[in-house]
Amino acid sequence: MSKSFFRQFQNEDWIATLMGLLLVVTVIVLPGLIPVFPKELNTVGAWLSILGLLVVALLVSALGVRLLGERLKGFLPAFVAIFVLSVLCMLLSGILAIKRTGFESVFFSVALGLLIRNTVGLPAWLSPAVRSEYYIKIGLVLLGTSVLFGEILEAGFFGILQGIVVVFSVWYFTFWLARKMKVDEEMGVMLSSAVSICGVSAAIATCGAIKGDSKKLSFVVSIVLIVAIPMMYLMPYLAKLMGLSQEVAGAWLGGTIDTTGAVVAAGKFLGETAETYSVIIKSSQNVLLGVAAFIISIYWSVRGTSNTELKPTPRVLWDRFPKFVVGFMLASLIFSTCFDMGQAKALGSLAKGLREVMFSVAFVCIGLETDFRYIFKAENRRYIATFLIAQCFNIVVTLIVAWLLFGWLAV
């Protein structure tokens, strides 16, 4: 084959996808070599696990950078430093008192990166490893291992139906509202996905699908995490006040709260049944992430050709299509069809640990790339207003749908 054929794969989209799939294959073939992130660092084994994660993440990331034709001299020490920062954030979020508040490692990763960037500035020696989109795309491929077809069936017809109705109606309303509020289309798409599907993961996937601005992604993630905390405490209280059954309340919580951790915590406040239903509904909406990313990427590819001389031919659409979606769908297909549910979940938990590391590294980088002057720009008030109005719409619509679909279970 000619060199020109292989050259088409020498871009960040393809390389990140291939590196993500390489990690997926490693999890399947050599699961015993995949380290697990420790909850505490009070044993030698825990420190060895951290070192193992560093080695895996560094080797894969560095291999991709090398395949891109870039030198590793500055990348290696910079990546190690960013990895250490991300580990500190993950350990901080794992402290029991902090974990109960609902704050996740993503929040601390972005905050730490922002603190460094907006105090001492981005050190020049760190710059070679500040590649947020690259790490995010690797993590998104790994995310496919947690989307199992079997879980869709376990969610049941009503769970799937609620997911489809809520995601479609809330996404469309938020996108319409964003236009009315004169929010740019890129931010509108990210806000719509974050509100309607599954919060942070949906925002990340959408940003990758449309090749969005990492600063805007950082802003959306911050809004999602900040709003999810009060919702986690307030919504169970409202469910009791309205006298909702645990089935309806759980379906309501799972369809509206934007982070899985907060959904589980909120469900626990109401009881075991509510917790179960909240997780089922959240899982059914999470499953729609891959489908939504695929549709959004196609839409964005067509839209991206509208103002150019290029016609939206299959070749042009493929060139613009985010390749991580291919990796995401392939990982999901492999884990859903090649393993039984128990084995898929066991291997998926190993992949999840690697994914969380890559996402944490990515969000430290996003913070390092973001200037506070951007976050506090006057125009961002429209983003916040759009998100809050859309979230209120989401709360009302999901409550109605949950009551119609699950209200009969308590009779």
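The values are calculated or read from the model by the stated rules, or taken from the named source; none is laboratory data. This structure is a prediction, so every number in the text was calculated from the model and none was measured. Cβ coordinates were reconstructed from backbone atoms using ideal geometry, including for glycine residues, and neighbour counts include every protein chain displayed. To get the accessible areas, we keep the full protein, side chains included, count just its heavy atoms, and leave off ligands, DNA and RNA. Shrake-Rupley method; radii C 1.70, N 1.55, O 1.52, S 1.80 Å.
For region 244-257, state whether one or more residues are open to solvent by 50 Å² or more (accessible area, probe 1.4 Å), hydroxyl-bearing (Ser, Thr, Tyr) and at pLDDT 80 or above.
We begin by selecting, within region 244-257, every residue open to solvent by 50 Å² or more (accessible area, probe 1.4 Å); these are 246.
Filter once more, so that each one left must be hydroxyl-bearing (Ser, Thr, Tyr): none.
The answer is no; no qualifying residue exists.
Would you point out the residue of region 116-133, among those that are part of a helix (DSSP H, G or I) and either at pLDDT below 90 or open to solvent by 40 Å² or more (accessible area, probe 1.4 Å) (or both), that is nearest to Leu76 (Cα to Cα)?
Initially, region 116-133 is screened for residues part of a helix (DSSP H, G or I), giving 116-117, 124-129, 132-133.
Retained after the next criterion (residues that are either at pLDDT below 90 or open to solvent by 40 Å² or more (accessible area, probe 1.4 Å) (or both)): 117, 124-125, 127-128, 132-133.
Working: Arg117: 20, Ala124: 14, Trp125: 10, Ser127: 11, Pro128: 9, Ser132: 15, Glu133: 18 Å.
The residue in question is Pro128.
Where in region 304-408 are there helices (runs of 4 or more DSSP H), lying fully within it, with 2 or more residues that are modelled with pLDDT of 85 or more and surrounded by 14 or more Cβ atoms within 10 Å (Cβ to Cβ)?
On the way: elements: 314-320, 324-337, 341-369, 372-375, 380-406.
It comes to 324-337, 341-369, 380-406.
Taking only region 184-227 into account, find how many residues are surrounded by 24 or more Cβ atoms within 10 Å (Cβ to Cβ) and either basic (Lys, Arg) or not in a helix (DSSP H, G or I) (or both).
1
Which ones in region 68-100 are farther than 14 Å from Arg131 by Cα and among the β-branched types (Val, Ile, Thr)?
Val84, Val87, Ile95, Ile98
Given the criterion surrounded by 18 or more Cβ atoms within 10 Å (Cβ to Cβ), assigned to a helix (DSSP H, G or I) and modelled with pLDDT under 90, identify the matching residue among Val166, Val170. Steps first, answer last, please.
Numbers: Val170 fails: modelled with pLDDT under 90.
After applying the criteria, what remains is Val166.
In region 11-46, how many are part of a helix (DSSP H, G or I) and of a type outside the set (D, E, K, R)?
22
Taking region 66-83 only, how many residues are in a helix (DSSP H, G or I) and without any contact (Cβ under 8 Å) to a residue 12 or more places away in the chain? Even if it seems obvious, please write down each step before you answer.
In the first step, residues of region 66-83 are kept if they are in a helix (DSSP H, G or I); the result is 66-67, 75-83.
Now narrow it down to the ones that are without any contact (Cβ under 8 Å) to a residue 12 or more places away in the chain: 66.
So the answer is 1.
If a residue has to be of a type in the set (D, E, K, R) and within 24 Å of Leu350 (Cα to Cα) to count, how many in region 56-99 make the cut?
So the count comes out to 1.
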